[in-house]
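See structure below.
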Amino acid sequence: MAGSRIKLELSRVVQGKSRLGVLKGLGRTGQHSLEVPGCLLYTHFGTVPHLTQDTLHTLSNLSSVTQVTLAEHQEVLEEFKDGFKKFAGLHDTVLYCSLHDPAAPCPPGYTTNKTVSVWGSGGRIELTVAKFMALQKTVRPDWYQSMADGETWQSNTSRKRVRKSVDRTLAHLDECLLVHQNSQELQGVEVFGVVEGGDILEERVRSARETAKRPVAGFCLDGLQTGSMDQALRTQLIAAMTKELPEDKPRLLQGVGRPDEVLACAEAGVDLFESFFPFQVTERGCALCFNFDISPDPERAGRAPPAGVVNTGETQPNGDVTLDDQTQMTSFEINLKDKRYQDDFRPLVGGCGCYCCQNHQRAYLHHLLVTNELLAGVLLMIHNTAHYNGFFSALREAIANDKLDLLKRRVLGERGGQTERKE
Amino acid sequence: MQPSIFSCLASYVHYNMAAIVECGADSNTAENHMSLKKALSVASPLSLRIIAECSVTKARACDLILPHSAVSTPVFMPVGTQGTLKGITVDQLEGLGCQICLGNTYHLGMRPGPDLIEKANGLHGFMNWKRNLLTDSGGFQMVSLVELSEVTEEGVKFKSPYDGKEILLSPEKSISIQNSLGSDIMMQLDDVVSSTVTGPRVEEAMHRSIRWLDRCVAANKNPHKQNLFAIIQGGLNADLRKACLDEMTRRDVPGFAIGGLSGGEEKDDFWRMVTLSTDHLPREKPRYLMGVGYAVDLVVCVALGCDMFDCVFPTRTARFGSALVPWGSLQVKHKQYAKDFQPIDPDCQCPTCKRHSRAYLHALFKSDTAAMHHITIHNIAYQLNLMRSVRQSIVEGRFPEFIRTFMKRMFSSRDQYPSWAVDALASVNVTLE
């Protein structure tokens, strides 16, 4: 594993922090790549929520990395033998296997020295390192997250508990690596080490420093998810961790998906994000509509979501941004169930090139939502995924062209005071 | 002429004229000529070209030319109740080869309402479906879904389930809504009586349906671009059916539906009413058997001379994990498929079968709604393919053989054949081995 094939080629680092580059050598034969900052493709068991292959492939610029969480289906995969990608009909993607589903709740209180618990449709599954590694051998992902004790995200967690989680996670990693190195089946598969440390700076630094000593291909930054802390603290912790991490390995931030938080975290040095946010927006019947157009071309600017979206009151202001419940609507979306869209014959976002916006109108989506029709989820998921991907392209463009401040102003929509509050 | 809300009107009037000319070139008999003249006199935006007729059964293969596109019959029409086909995009539906689907007037009239749909350029515009649409009258749902409904000569009175307001669905109102929806085929409001009811109520309903047909015809604001079909009623009583057929076929409507069946009656009664109806319906007009969608029923009723069918069954059952296959159905959620790595049907060419195994779909049902979409796509593909094969066999003059092969595959042995199907097929000269 010392010869990890994953290679991060950075083309730009702004102020020693925000990084622009390409993650190369992904997949068993190393033929895939992913631009950073970028996001993974969020799935339920290998399927982007609500979408079939037809509807998924109306989307261009899909992430080349599919994220999956699959502890509960070990038995069938063992029987199948050829790995999850083939089982799920995923032919041309890089598979990343994470421990938890970032959009599903993970009740605390089930972690021991030797085990962690994950939750599937059938309830709790307790994993030891042996079981966890047996799972990886049947899944055969291209890369996976090592087993970790990530229960320390709650703000009242004691220093002792945080220290224990760092120690356990490092112990798990060492055990995982040991099994990994002796497994024929896992040759060419990459391991991401997990950095813990709750909200305690020294523990974050220690976790990052120690993990970086191990032969891992990249790092998962855990326990920083939306709702666990405010962005100022998150930024501070990320900056402290990334200082300890090698330049040439990717950093994946878990549990953060809101555009404002993504911007701040990418600025602090995060390369990869999970893309569960568009799914959450879809589930509440909303459409992403925030502006991210930083193009100097005035003609193109007109095609972006109207800056006035916020001012006309179409989106709802959210209170304290950082402490929001994840299921609550944010100011980056419009609620299409709202009666005002009943006779609105415009696309969700003017100028959006997604299948939904090219073919359907807000009034139709409103109708599908109020009548509980399944197509609502399909069309919203298409749009929200397209919009979110577009945002990440803009983020890369902004880093490349020194326009991060402009992008921030666009995304935050010059919402009075909010920018200041977060900084 | 009404000011049109359809941007494509000009193009489809043109299409229709071309189609009529085509029909004229094809018809030689005086009878056909007469009906053609009749058709021209009301300028109904429909023409039917009979491509082939089975020499043994009453089956036929036709091209039904409708305002938005041609439809190859026999045809199964999937049901998109509320302006959407359960989780499937219009592009997917088009990709499966669907040429016509249904919308429900009752549901759409309630939500989002006819005014809004009219503003959206009709149901075609609202759901962005480029091919043909058929809408029902709304009467059936009213009787089946709404407990508090009352039928009078004026129409069907019922309480809105949304705001409790009393609403009257008259023939005029039904057509007015369907005019707003802009469907290619509209259905008359009929007086629907459960097919298990007998006695004077059935006769009353039959006569009322005839009177309502006349009111519907008179109320149609768009006879030049929307076809209005009559619905044959008369319950399970042959005399009443015959009387209804006599009366209704005297009206110059573009097509006929056989109604009041598929409501839990004995299959022996069902097929006899179907075959009686097709015996008396004009050859040159399409025949639509309402509410029929099981594979065996489709094949038998094609043999009895029906052209068009609709049913919610294939899409509804899909959402419960039931996949249709040539040997019946396969319950994807059942444990026995948890480790079955074959596709649903190894011979099926649908997007689902080409990519996914039974085991994957089984597991996906626990995680995501996309599992339902996969089965829905497969089931629509199954229905459409079945009808394509039926048509092909009629065109190639081997429909009786097709039926025999179909039945053999569907049932494990001869004694599993439903007796009604055996009888019905025997009545059109097809004996099963």
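Please compute the per residue accessible area over region A:331-414 with all protein chains in place, 1.4 Å probe, rounded to a whole number of Å².
32
Sticking with the crude label model, points 7 Å out along Cα→Cβ, report the distance from residue B:94 to residue A:202 in nm, one decimal please.
That separation, rounded to one decimal, is 6.6 nm.
Can you flag which of A:339/B:119; A:337/B:119; B:159/B:267; A:81/B:335 are past 25 Å Cα-Cα?
Exceeds cut-off: B:159/B:267.
Residues of region B:311-357 with accessible area at least 30 Å² lower in the all-protein-chain context than alone (1.4 Å probe)?
Residues passing the criterion (a loss of at least 30 Å², heavy atoms only) are B:339, B:341, B:355.
Hey, any idea what % of region A:7-274's accessible area is carbon plus sulfur with a 1.4 Å probe?
That share works out to 47 percent.
Would you mind putting A:399-412, A:274-287 in packing order, based on average other-beta-carbon counts within 10 Å, highest first?
Ranking, from highest mean packing down: A:274-287, A:399-412.
Within 14 Å, Cβ to Cβ, of residue A:14, how many net charges do the neighbouring residues add up to if Lys/Arg are +1 and Asp/Glu are -1? Please list the in-between numbers first.
Details: positive: A:12, A:17, A:19, A:396, A:403, A:408; negative: A:247, A:267, A:271, A:397, A:402, A:405.
Every neighbour counted, the sum reads 0.
So, with +1 on the Cβ of K and R and -1 on the Cβ of D and E, and no other charges, what is the size of the charge dipole of region A:331-414 about its Cα centre, to the nearest 20 debye?
60
Once ligands and nucleic acids are excluded and a 1.4 Å probe is used, how much of residue A:82 is accessible, expressed in Å² to the nearest 10?
Ignoring ligands and nucleic acids, residue A:82 comes out at about 80 Å².
May I ask you to give the solvent-accessible area per residue for region A:7-274, in square angstrom, as obtained with a 1.4 angstrom probe? Before the final figure, lay out each step's value.
Values: 9660 Å² over 268 residues.
Result: 36 Å² per residue.
In terms of Cα to Cα distance under 29 Å, which lysines are near enough to residue A:160, apart from those fewer than 8 places away along the same chain?
Cα-Cα hits under 29 Å: A:114, A:131, A:213, A:243.
Ignoring everything but the protein chains, give the 1.4 Å probe accessible area of residue B:396 in square angstrom, nearest 10.
It works out to around 100 Å².
Assign one of three labels to chain B, namely rounded, prolate or oblate, based on the Cα gyration tensor with a ≥ b ≥ c the square roots of its eigenvalues; rounded applies when a/c is under 1.5, prolate when it is not and a/b is larger than b/c, and oblate otherwise.
Rounded.
Determine which aspartates and glutamates satisfy two conditions relative to residue B:86: a Cα distance under 20 Å, and not lying fewer than 8 residues away in the same chain.
Within the straight-line limit of under 20 Å, residue B:86 reaches these aspartates and glutamates: A:54, A:283, A:373, B:94, B:136, B:310, B:368.
Relative contact order for region A:331-414: what percent, with Cα pairs under 8 Å and sequence separation of 6 or more?
22
Treating only the Cβ atoms of Lys and Arg (+1) and Asp and Glu (-1) as charged, compute the dipole magnitude of region A:7-274 about its Cα centre; round to the nearest 20 debye.
Dipole of region A:7-274, to the nearest 20 debye: 600 debye.
Name all residues of region A:74-104 having a backbone nitrogen under 12 Å from the label point set 7 Å from the Cα of residue B:354 along its Cα→Cβ direction, giving them as ranges.
Once the point is set 7 Å along Cα→Cβ of residue B:354, nothing inside region A:74-104 turns out to lie under 12 Å by backbone N.
Between residue B:168 and residue B:327, how many nm apart are label points set 7 Å from Cα along the C-beta direction?
In this crude label model, residue B:168 to residue B:327 measures out at 5.8 nm.
Based solely on its DSSP helices, what 222 nm [θ] is calculated for chain B when runs of n ≥ 4 H residues each add -39,500 (n - 2.57) and the sum is averaged over all residues, nearest 500 deg cm²/dmol?
-13500 deg cm²/dmol
With a cut-off of 8 Å between alpha carbons and a minimum separation of six or more residues, what is the relative contact order of region A:7-274 in percent?
It comes to 18 percent, rounded to a whole number.
Please enumerate, by chain and number, the aspartates and glutamates with C-alpha under 17 Å from the C-alpha of residue B:339, excluding those fewer than 8 residues away in the same chain.
Within reach: A:72, A:75, A:78, A:79, A:82.
Could you check the simple spin-label distance between residue B:336 and residue A:130, using points 7 Å along Cα→Cβ, in nm with one decimal?
Placing both labels 7 Å along Cα→Cβ, they lie 3.6 nm apart.
Summarise the accessible area of chain B (1.4 Å probe, protein heavy atoms) by the percent that is carbon and sulfur.
Answer for chain B is 52 percent, counting heavy atoms of protein chains only.
Provide, as a two-decimal number, the C-alpha radius of gyration of chain A over 2.2 N^0.38 Å, N being how many residues it has.
It is 0.95.
With charges set only on the Cβ (+1 for Lys and Arg, -1 for Asp and Glu), what does the dipole of region B:135-292 come to about its Cα centre, in debye to the nearest 20?
Rounded to the nearest 20 debye, it is 440 debye.
With the dipole of the protein assembly as shown worked out from charges on the C-beta (+1 for Lys and Arg, -1 for Asp and Glu) around the Cα centre, which of B:82, B:213, A:66 lies farthest toward the positive end?
So the residue we want is A:66.
If one computes P(r) from the Cα atoms of region A:331-414, what percent of pairs lie at distances over 14 Å?
Within region A:331-414, distances greater than 14 Å cover 67 percent of Cα pairs.
Wrap a convex hull around the Cα atoms of the protein assembly as shown, take a quarter of its surface area, and give that in square nanometres.
Values: hull surface 152.9 nm².
About 38.2 nm², averaged over all directions.
Taking a virtual spin label 7 Å from the Cα of residue A:5 along the C-beta vector, which residues in region A:31-49 bring their backbone nitrogen under 18 Å of it?
A:31-35
Which one of B:260, B:393, B:170 has its Cα pushed farthest toward the positive end of the charge dipole of chain B, where Lys and Arg give +1 and Asp and Glu give -1 at the Cβ?
So the residue we want is B:393.
Just to confirm my numbers, what's the Cα centroid distance between region B:84-144 and region A:51-76 in Å?
31
Ranked from the most accessible area to the least, with a 1.4 Å probe and all protein chains present, what is the order of B:390, B:422?
B:422, B:390
The values are calculated or read from the model by the stated rules, or taken from the named source; none is laboratory data. This one's a predicted model, so the numbers in the text were calculated from it and none came from an experiment. So basically every Cβ, Gly included, is an ideal-geometry build from the backbone, and we count neighbours across all protein chains shown. The protein model used for the area step is the full one, side chains on, heavy atoms only, and it has no ligands, DNA or RNA in it. Shrake-Rupley method; radii C 1.70, N 1.55, O 1.52, S 1.80 Å.
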